[in-house]
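A.B. asks: Before we start, here is the structure in question, set down as structure tokens.
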Amino acid sequence: MALFEAHHLHKRFADQVVLEDITLSFEVNQISGIMGPNGAGKTTCFNVLTGRYRPDRGKVLFDGQDITGLPPRKIARHGIARSFQMMNLFDEYTALENIVLALPEVRAKGFSVLHDLAHDGSAQDRGAAVLARIGLAGREHTLSSALSYGQRRALEIGIALAAEPRMLFLDEPTSGLGTDATATLAALIQEIRKSVTIVIIEHDMKFLFDLADRIAVIHWGQVIAQGSPEALGENEWVRASNLGALA
Amino acid sequence: MSILPQALSARLANWFTAPMLVSFLVFGTMPFWIDAVGLYQYLGVEVMIWVIFALAVNLLLGYTGLPSFGHGAFLGIGAYAYGLTQFNVAANLWISLLGAVVVTAALGGLVAALISHRRGIYFALMTIACAQIFYFVASKWTDMTGGEDGLLNILRLPVDLGLTEFSIKSNFNLYYLCFAAYVIIVVLMWRLVHSPFGQIIRAIKQNDSRVAFLGYNVWLYKWLIFTLSCAISGLAGALFAMAQEGAYINIMSLQWSGIVILMVLIGGGFINFWGPVLGVIFYFLARDILGAYTDTWLLWFGLIFVIMVMFKPEGLAGIWHDAQSMFGRRKAKPQPDPSAKPSHAGGD
Amino acid sequence: MFDFLIGLLPHLLNGVALGLLFALLSLGFMLIIGVMEVINLAHGSLFALGAYFAVMLMGQDGGLPFAFMQSYYDLPAIPRYIIALIVAPALVGVVGMGLEICLRRTYGKDPLYGLLLTFGAALVLEEVIREIWGPAEYFLPLPKAISGGFFFGDLIYSNYRIFAAIFAMAMIGLLWAFLNRTPYGAVIKAGAHDSEMVRVLGYNLSRLRLYVFAFGAALAAIAGIIMAPIWGVRPHVGVDAVIPAFVVIVLGGVGSFWGAVSAGLLVGMMVALTAAFLTEWSLLSMYLLLLVVVTFRSRGFAGKASALEQ
């Protein structure tokens, strides 16, 4: 059994069917990719998998437990973290404060009024370690709004990582990044894949084909193909999109 | 030998700060000099009460980003609850205060349960609707609240401290009861907003959906902070009932709910803990000083407010920060320019 | 039972008139929300200002004490009323333009700042009204043709309420036609949808905002003039007006024309019927309605996601 499974998900908004009978599974310690044209339902699919929307029908299983329709905070507590396509940082906080808030040990102290995070050595050290891991060492006390675009993208992933998830969903992590920054990001993902199962939505086909172990193609709210990058290179839609050459 | 005092001072620094101590010093001595500067004791009482109330409002507006536009209702509920506990339960200061806080927190908690899943203007609108409902109930339920006449003859009960007790019949003594409440509220509130809980509510203000995806129960945090803010407003309301020796419907009107927001913003509650304190002082000074010259002081105050929102939405605290950074830059030079000293606006 | 229903008729008529006026007021409010993403808390003050300007233009108690105005005040009531209905909203439109220019500095910031600025402006306008006209209540004189009442069966109907309902209906119809059948309306709707689109279409965005604000303010003033004989003209009448407008917008759903009209009618009926039977509680009913509807339908009857939720 796979670590994360989605069975026959349906989702509609008003009279528009956005997801139709989506079945996906993500194996432990693999990188899985999801691709497809704009408006195909990729982000909606992520939102259903991570609890922002409840599916109309279907089932989501994580490590054998049914997590269908749970709110985001409960899904997060199962050890599932996500990043966002539109950046979702705490702009009035420094890079380190952004990270510290995501640590599970801080979440456990959420209702404490006697602690002071600025003087909490263990939380600060762990936060700094996460920043070092995503290449932001030395920027601990920079306001997140003052970071460069690429650094903000990295911090976006850092927040998700800081939650020490077993499963990480990344929504278009390369969007807006240049070639160099994309290469750095690919290296970061290669590094973190050792400890966490990753699912990536991505437009940058080369990036995805290089990293992913398995890829699913979503179109018209349905999974129209899935398999290894090599196998998908032969797929009709992928070829039609002139992407086969990249595989 | 030297480690102990250092650890102690670090712990104290968790609880107290220099501006806090300055505020205690200024407010603590105020009754002794307020007459000398041409003002009067009752003004001090009003300032203390509205400072407590404005701090409670800012806990929502400035820290959690929840615009409560009907908070005057909770000030009024606290005042009525204080009077009603005094008349119907026990004519004891502590019991009546407790009654005010508990009733206001309970009704606040009820409102919070209805609205904690909302944000932005929809949240503001729901607070207005709830406040208007409280207003109408208070104005029509004459048997309970005295309706348009208000709840009269509320007593300033003696402060019973076990070993000794003192009367708060004089404004001078009542001021010190309010000051004691201020000290407790400020110390606890400062601790609250600098704890993990405080970090999380500020994160909710910046981006509530991200907070939820980090596994926090956003609804519960909003509910708690709203209820807490109402409890503190209830305390302020009880003190207001003592000061006015009555509870009146007027303070539950939207006008006063708006004016407290105006105080918080003019002071700079968005960017500074002390913003509401500055704003309340500014409002009352403007009322008494402008009011001495013109009947339409509210017109001029409104204009000042409009100009402030246009050009310096960070308020008085923002001006203070600017002055400080200007001063800081000048200080780096060999000879600081004495004219660049910050104004005393933030000294109290 | 039949008698009871017949007895209800005048109240229903009041409700319709009130509801249509609420709708008219709210539509101006909504135009401003749509294009500027600002909750204009001064909308009620503009409503009140419209009524005061009309009083000034009708003469009698509230007239200007200048000699040159005297010959104007000697005109018959009907032309003066028509002039008041045109000139007073135009004057309020100019005030609205001034307000919009102040508001420009808050665009692109937290929507709370626009709300607070207009709250301050409402405070200022109310005090200005107090300063100019004093705290006393004025009555707007009406031409004979639309005052008085008539009997239908045993019941008295007010001519004016019928006029008010028809006039408001006509205004709503014209507004709909303006928004949906003219190129100007198309630009305004584009602006409400996405302000970038206005630039792409080659229009000047800041001029569009200026005109739309003036237009919204003028609609508030028209509602104020029509409402004046029903509510009276007091400095505080602005606050009494802005709250129902707010309620109507949220009930109807932000961005929905017919949502606002139907919510306006619903609120008007509700207020008029409770006023008939439970006078004390008539305004409370409006808030309870709001609380119930919004608890179950977070965007009202027909609302779309909007800047208000940020």
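A.B. asks: How many partner chain Cβ atoms sit within 10 Å of a residue's Cβ in peptide B:203-211, on average, as a whole number?
C.D. replies: 6
A.B. asks: Right, something else. Around B:ASP295, under 13 Å between beta carbons, what's the net of Lys plus Arg minus Asp minus Glu among the other residues? Can you show the working numbers first?
C.D. replies: Numbers: positive: B:ARG287, C:ARG130; negative: C:GLU127, C:GLU131.
Result for the neighbourhood of B:ASP295: 0.
A.B. asks: Now for a different question. How big, on average over all directions, is the shadow cast by the Cα convex hull of the range B:37-272, in nm²?
C.D. replies: Result: 13.4 nm².
A.B. asks: While we're on this one: Mind ordering B:62-73, B:184-195 by average Cβ neighbours within 10 Å, highest first? Spell out each step's value before the answer.
C.D. replies: Working: B:62-73: 26.3, B:184-195: 17.8.
The peptides rank, most packed first, as B:62-73, B:184-195.
A.B. asks: A:ARG126: net charge of surrounding residues, Cβ under 11 Å, Lys/Arg +1, Asp/Glu -1, itself excluded?
C.D. replies: Values: positive: A:ARG133; negative: A:GLU105, A:ASP120, A:ASP125, A:GLU164.
With Lys, Arg at +1 and Asp, Glu at -1, the neighbours total -3.
A.B. asks: May I ask you to sort B:PHE240, C:PHE139, C:PHE163, C:PHE4 by Cβ crowding, counting other Cβ atoms within 10 Å and putting the fewest first?
C.D. replies: C:PHE4, C:PHE139, C:PHE163, B:PHE240
A.B. asks: Efficiency by 1/(1 + (r/R0)^6): what FRET value for C:ASP240 and C:LYS144, r their Cβ-Cβ distance, R0 = 25 Å, to the nearest 0.05?
C.D. replies: Working: r = 28 Å, r/R0 = 1.12.
The computed FRET efficiency comes out at 0.35.
A.B. asks: Based on the mean of other beta carbon atoms within 10 Å per residue, what is the order of B:286-296, A:30-40, most packed first?
C.D. replies: So the order, starting with the most tightly packed, is A:30-40, B:286-296.
A.B. asks: Output the relative contact order of chain A, whole-number percent, from Cα pairs under 8 angstrom with separation of 6+ residues.
C.D. replies: 26 percent
A.B. asks: Can you tell me how the range A:93-164 classifies by the Cα gyration tensor, rounded, prolate or oblate, using a/c under 1.5 as the rounded cut?
C.D. replies: Here the range A:93-164 falls in the prolate category.
A.B. asks: Which entries of B:LYS140/B:LYS169; A:LYS74/C:LYS109; A:LYS59/B:LYS205; A:LYS74/A:LYS109; A:LYS109/B:LYS222 show an alpha-carbon separation above 24 angstrom in the structure shown?
C.D. replies: Table pairs above 24 Å Cα-Cα are B:LYS140/B:LYS169; A:LYS74/C:LYS109; A:LYS59/B:LYS205.
A.B. asks: Explain nothing, just the number: dipole magnitude of chain A about its Cα centre with +1 on each Lys and Arg Cβ and -1 on each Asp and Glu Cβ, in debye rounded to the nearest 20. Write out the running numbers ahead of the final one.
C.D. replies: Values: 24 positive and 29 negative charges, 92 e Å.
For this selection, approximately 440 debye.
A.B. asks: What average count of beta carbons from other chains do you get within 10 Å of the Cβ of residues in B:287-294?
C.D. replies: 0
A.B. asks: Right, another one. Is the C-alpha gyration tensor of the protein assembly as shown telling us rounded, prolate or oblate? Criteria: a/c under 1.5 is rounded; beyond that, a/b larger than b/c is prolate, otherwise oblate.
C.D. replies: Oblate shape, in that a/c is at least 1.5 and b/c is the bigger or equal ratio.
A.B. asks: What does the charge count near B:TYR248 come to, summing +1 for each Lys or Arg and -1 for each Asp or Glu among other residues with Cβ under 12 Å from its Cβ?
C.D. replies: Surrounding charge for B:TYR248 is -3.
A.B. asks: Still on this structure: Please work out the FRET efficiency for the pair B:ALA18 and B:TYR42, using the Cβ-Cβ distance as r and a Förster radius of 22 Å; give the result to the nearest 0.05. Intermediate results must be reported in sequence, preceding the final value.
C.D. replies: Values: r = 30 Å, r/R0 = 1.35.
Rounded to the nearest 0.05, the efficiency is 0.15.
A.B. asks: GNM on chain A, C-alpha springs below 10 Å: top fluctuator among A:HIS115, A:HIS78, A:HIS141?
C.D. replies: Ranking A:HIS115, A:HIS78, A:HIS141 by mean-square fluctuation puts A:HIS115 first.
A.B. asks: So if I take the alpha carbon set of chain C, get Rg, then get Rh from the Kirkwood formula, what is the Rg over Rh ratio?
C.D. replies: Result for chain C is an Rg/Rh of 0.97.
A.B. asks: Let me confirm one metric for peptide B:76-87, namely the mean number of other chain beta-carbon atoms within 10 Å of its residues' beta-carbons.
C.D. replies: Mean shielding count: 0.
A.B. asks: Related question: Restricting to chain A, what percent of DSSP beta bridges are antiparallel, rounded to 5?
C.D. replies: Values: 20 of 36 bridges.
Bridges in chain A are about 55 percent antiparallel.
A.B. asks: Stretch C:PHE2-C:GLU280 to full length: gain in nm at 0.36 nm per residue minus the Cα-Cα span?
C.D. replies: Values: separation 278, 0.36 × 278 = 100.08 nm, distance 2.62 nm.
Taking C:PHE2 through C:GLU280 to full extension adds about 97.5 nm, to one decimal.
A.B. asks: Which of these, B:LEU220, B:LEU107, B:LEU161, has the largest mean-square fluctuation under a Gaussian network model of chain B (Cα springs below 10 Å)?
C.D. replies: B:LEU161
A.B. asks: If you don't mind, there's one more thing I want to ask. Give the residue from A:VAL100, A:GLY79, A:LEU114 lying farthest towards the positive end of the charge dipole for the range A:74-116; charges sit on Cβ (+1 for Lys and Arg, -1 for Asp and Glu) and the dipole is referred to the Cα centre.
C.D. replies: Going by the charge dipole, the pick is A:GLY79.
A.B. asks: Additional query: Taking only Cα atoms of the range B:100-143, what ratio of Rg to Rh do you get with Rh as the Kirkwood inverse-distance radius?
C.D. replies: Values: Rg = 11.7 Å, Rh = 11.4 Å.
Ratio value, two decimals: 1.03.
A.B. asks: I've got another one for you. Calculate the length of the line joining the C-alpha centroid of the range A:141-168 to that of the range C:70-98, in whole Å.
C.D. replies: Between the Cα centres of the range A:141-168 and the range C:70-98 lies a distance of 61 Å.
A.B. asks: Go ahead and estimate [θ] at 222 nm for chain C from helices alone: -39,500 (n - 2.57) per DSSP H run with n ≥ 4, summed, over the residue count, rounded to 500. Provide the component values of the computation, followed by the final result.
C.D. replies: Numbers: 12 runs with 227 residues, N = 310.
When only DSSP H runs of four or more count, the value is -25000 deg cm²/dmol.
A.B. asks: If you build a Gaussian network model of chain B, linking Cα atoms that sit under 10 Å apart, which residue out of B:GLY215, B:GLY146, B:GLY76 swings the most?
C.D. replies: For chain B, modelled as a Gaussian network with Cα springs under 10 Å, the answer is B:GLY215.
A.B. asks: Moving on. Divide by every residue of chain B the summed helix terms, -39500 (n - 2.57) for each DSSP H run of at least 4, and state the resulting mean residue ellipticity at 222 nm, rounded to the nearest 500 deg cm²/dmol. Can you show the working numbers first?
C.D. replies: Numbers: 14 runs with 246 residues, N = 348.
So the calculated ellipticity at 222 nm is -24000 deg cm²/dmol.
Readers should treat all values here as calculations from the given coordinates under stated rules, not as data from a laboratory. Being a predicted model, the structure only gives us computed values, none of them experimental. When we count neighbours, we look across all protein chains shown, and the Cβ atoms used for this are built from the backbone with ideal geometry, even at glycine.
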